[in-house]
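> Have a look at the structure that comes next, please.
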Amino acid sequence: MRRRDFVKTTTVASIGVATGISLKQAASATTLARHPAVLNLKSAAQQHRFKLDYAPHFGMFRNSASEELLDQIRFMHDQGFRSLEDNSMRERPAGEQEAIGRLLEQLDMRMGVFVANSNGFGVPSFTSGKEEHRAQFLADCLDSVEVAQRVNAKWMTVVMGDLSPRLEIDYQTANAIESLRRAAEIFEPHGLIMVLEPLNPYTDHPGMFLSKIPHAHMICRAVDSPSCKILFDIYHQQITEGNLIPNIDMAWNEIAYFQIGDTPGRDEPTTGEINYKNIFRHIHRKGYDGILGMEHGNSRRGIEGEQAVIDAYVEVDNFN
């Protein structure tokens, strides 16, 4: 069944016409909750129980909900999503983090990753071996424990930082392993997991230390901690090395988290070359019960584009 046909008679637009409220109002989760004429109406996406746990991020549905973060979470929940991802959570005020954590708990939603370390993009990495870089990384890890507790998070992304051009890659890897072992000592008592994200060097992040899944797999095996695992970003790895399903299988025991984005474009599934239905079927059959972060943009603007994102996930989640 084509995804546009799947929601043809139950789109937000039809709700707006039936109740006499505006399209933007009809799309708002808070408005729907208060409007008696639509209390018992559900969209096809709301009726759909996703087989996998996809996590939108703030801003993805701002037109359909509002700019208010808590309204956006409620809207995500209304559409059937059961997790949230927010790379910037560590930079948010503590009170805002606590409010987000309380609402997620009330809605029985999970918190996905946030970025744990500040020495990530375009700055010296803890792989350099310099003590000041390692000290900053470990201080970020300590701070991230407090953030994770406020929002009930379990996973957090560690970005390995830039390559050191004057230091052999194997020495950098050894430095990384030592720093990550010390970080694991911080996270293990709290049951937290840092996930290492390889980033593609071609379209997004040239010059980064970690770009390939086998390298991340080797590092995690060497660190040898339940608190150090892989974030397999399907978008990045399609660009860097392809061979997605075999690489997922070979690294499976060290993968704790997935992220999503189609390519070219880094938008929702069905807009590019990746066969997400097959990949999701494979991950589901392997028994994955973690989160898949929707770390991508919307291919179209406005409420129509936001509905297209929901429709795309209904379509690719429809596997046997």
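> Which order do the peptides 211-219, 161-169 take when ranked by the mean count of other beta-carbon atoms within 10 Å per residue, highest first?
Highest mean packing first, the order is 211-219, 161-169.
> When Lys and Arg each count +1 and Asp and Glu each count -1, what net charge do the other residues less than 9 Å away from residue 236, Cβ to Cβ, add up to?
For residues surrounding residue 236, the net value is -3.
> Here's a follow-up. Could you line up 276, 257, 288 from fewest to most neighbouring Cβ atoms inside 10 Å?
288, 276, 257
> At a 10 Å Cβ-Cβ cut-off, how would you order 301, 92, fewest neighbours first?
Least to most surrounded, the residues fall as 301, 92.
> Report the calculated FRET efficiency for residue 131 and residue 202 (r = Cβ-Cβ distance, R0 = 35 Å), to the nearest 0.05. List each step's numbers first, then the result.
Values: r = 33 Å, r/R0 = 0.93.
Here the calculated transfer efficiency is 0.60.
> Restricting to the stretch 47-316, what percent of DSSP beta bridges are antiparallel, rounded to 5? Please list the in-between numbers first.
Working: 1 of 22 bridges.
For the stretch 47-316, the DSSP antiparallel bridge percentage is about 5.
> Ok, one more. State, to one decimal in nm, how far the label point of residue 94 lies from the label point of residue 166, with both points 7 Å from Cα in the Cβ direction.
Spacing of the two 7 Å Cα→Cβ label points: 4.1 nm.
> Mind sorting 127, 173 by how few other Cβ atoms lie within 10 Å of their own Cβ, fewest first?
If I rank by nearby Cβ atoms, fewest first, I get 173, 127.
> Quick one: which of 314-320, 226-232 comes out on top by average Cβ neighbours within 10 Å, and what's the full order, highest first?
The most tightly packed comes first, giving 226-232, 314-320.
> Among 314, 149, 139, whose Cα sits farthest toward the positive end of the charge dipole of the stretch 47-316 (+1 at Cβ of Lys/Arg, -1 at Cβ of Asp/Glu, about the Cα centre)?
Working it through, the farthest residue towards the positive pole turns out to be 314.
> What distance in nm separates the simple spin-label points at residue 178 and residue 224, each placed 7 Å from Cα in the Cβ direction?
The answer from the label model is 1.8 nm.
> Here's a follow-up. Quick one: grab the alpha carbon gyration tensor of the stretch 51-116, order the square roots of its eigenvalues as a ≥ b ≥ c, and give me rounded if a/c is under 1.5, else prolate or oblate depending on whether a/b is larger than b/c.
Rounded shape, in that the Cα axes give a/c under 1.5.
> Additional query: Calculate one ³J(HN,Hα) per residue across the stretch 55-66 by plugging θ = phi - 60° into the Karplus curve 6.51 cos²θ - 1.76 cosθ + 1.60, and present them in order as whole Hz with x for glycine and proline.
10, x, 10, 4, x, 5, 10, 5, 6, 7, 9, 5
> Explain nothing, just the number: dipole magnitude of the stretch 47-316 about its Cα centre with +1 on each Lys and Arg Cβ and -1 on each Asp and Glu Cβ, in debye rounded to the nearest 20. Intermediate results must be reported in sequence, preceding the final value.
Working: 26 positive and 40 negative charges, 103 e Å.
Magnitude of the dipole: close to 500 debye.
> Follow-up. Where in the stretch 77-102 does the label zone of residue 118 land, with the point 7 angstrom along Cα→C-beta and an amide N cut-off under 19 Å?
Counting only backbone N, you get 87-97.
Readers should treat all values here as calculations from the given coordinates under stated rules, not as data from a laboratory. No experiment lies behind these values; they were computed from the predicted model shown. FYI the Cβ positions are ideal-geometry reconstructions off the backbone, even for glycines, and counts take in every protein chain you see.
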